[in-house]
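The structure appears below as structure tokens.
Every number in this text was worked out from the coordinates using simple rules, so none of it is lab data. If you're wondering where the values come from, they're calculated on a predicted model, not measured in any experiment. Glycine gets a Cβ as well: all are built from the backbone with ideal geometry, and neighbour counts include every protein chain shown.
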Amino acid sequence: MTGLLVYWTDLVELTFNNWVRPIEFLKIIGFTLISLIGIRIAIGFFRKRNTAIKKRLQVSVLITILVSSFLYFNYSKKIYENRIQKSDLRKELAMKIEAANGLAFGTKADNLTFEQYQEITKLNWFPKLQKNADSISYYYTYDGILPDYSFTVSYNLPITIEIDSTEFKYGAIEIVTIGNKKRISYSEYVQ
């Protein structure tokens, strides 16, 4: 299971959720302990009944498979999504993401497609954008311990599309018209 965990946590996953491996590893340990407790209870039950060793072994394997199946299913699903279904998208995204200089931690990226930005919003709290958005750039820095952060996202929309500002509640929006496109910039600062 640890191998599956390491395989599905690609660079994009680790960039936005650097605690994913330690937390998931603790889950593996927890599920293993639950499995061992279940096996111990089953062995105690079968000893009283003088059940054959072959039957005890079969029940132990079944308990282990049932308890661990949740993690196997989740990890296999994530491997399929991250490494097979969205492999190219996530590789391109990993090449565009850079460390941001500002507060203690952060990332930035320029010239993202809507699909790439949408993949980031699944891993982070970033506001969702309209489907027609392109040339997306973001800059996000945060302190880590304190709730201080700085977030800016800029993107283009066709001039005929109205801006859906329901996701932009806490910051300032700036709109500049350039030819047949609108460049929208949204910023949030919390100190």
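Odds and ends about this structure:
- Taking only the Cα atoms of segment 136-176, the radius of gyration and Dmax are 13.0, 42 Å.
- Full extension of the chain between K55 and N180 yields a length gain of 37.7 nm, computed as 0.36 nm times the residue separation minus the alpha carbon distance.
- Members of K91/K169; K55/K77; K96/K122; K27/K77; K86/K181; K131/K182 lying beyond 20 Å, as alpha-carbon distances in this model show: K91/K169; K55/K77; K86/K181
- DSSP loop trypsin sites (Lys or Arg not before Pro) with at most 15 other Cβ within 10 Å: longest gap in the chain: 50-127
- A Cβ-based charge dipole, computed about the Cα centre of the chain with Lys and Arg at +1 and Asp and Glu at -1, lands at about 1760 debye.
- Each of F126, N50, L112 was placed along the dipole of the chain (beta-carbon charges, centred on the mean Cα), and the one lying farthest toward the positive end is N50.
- Label-reachable residues, segment 132-150, where backbone N falls under 15 Å from a point 7 Å from D110's Cα toward its Cβ: 135-140
- Efficiency of FRET between E167 and S69 - r from beta-carbon atoms, R0 45 angstrom, step 0.05: 0.75
- For segment 72-191, Kirkwood radius (reciprocal of mean inverse C-alpha pair distance, Å): 15.6 Å
- Over all projection directions, the Cα-based convex hull of segment 1-146 averages an area of 11.5 nm².
- Look at the dipole of the chain built from charges on Cβ: of S87, T177, F151, the Cα furthest out on the positive end belongs to S87.
- Only helices enter the 222 nm calculation for the chain: every DSSP H run of n ≥ 4 contributes -39,500 (n - 2.57), and dividing by all residues gives -15000 deg cm²/dmol, rounded to 500.
- Segment 54-149: chymotrypsin sites (Phe, Trp or Tyr not before Pro) in DSSP loop, at most 15 other beta carbons within 10 Å: W125
- Loop GluC sites (Glu not before Pro), segment 94-164, which have at most 16 other Cβ atoms in a 10 Å radius of their Cβ (DSSP): E162
- For segment 104-171 versus segment 1-51, the inter-centroid distance based on Cα atoms is 35 Å.
- When segment 12-162 is described by a simple charge dipole with +1 on each Lys and Arg Cβ and -1 on each Asp and Glu Cβ, the residue from N17, I63, T160 located farthest towards its positive end is I63.
- DSSP H segments from the chain that extend 20 Å or more along their own axis, Cα-based, with Kyte-Doolittle mean of 0.0 or above: 20-48, 53-79
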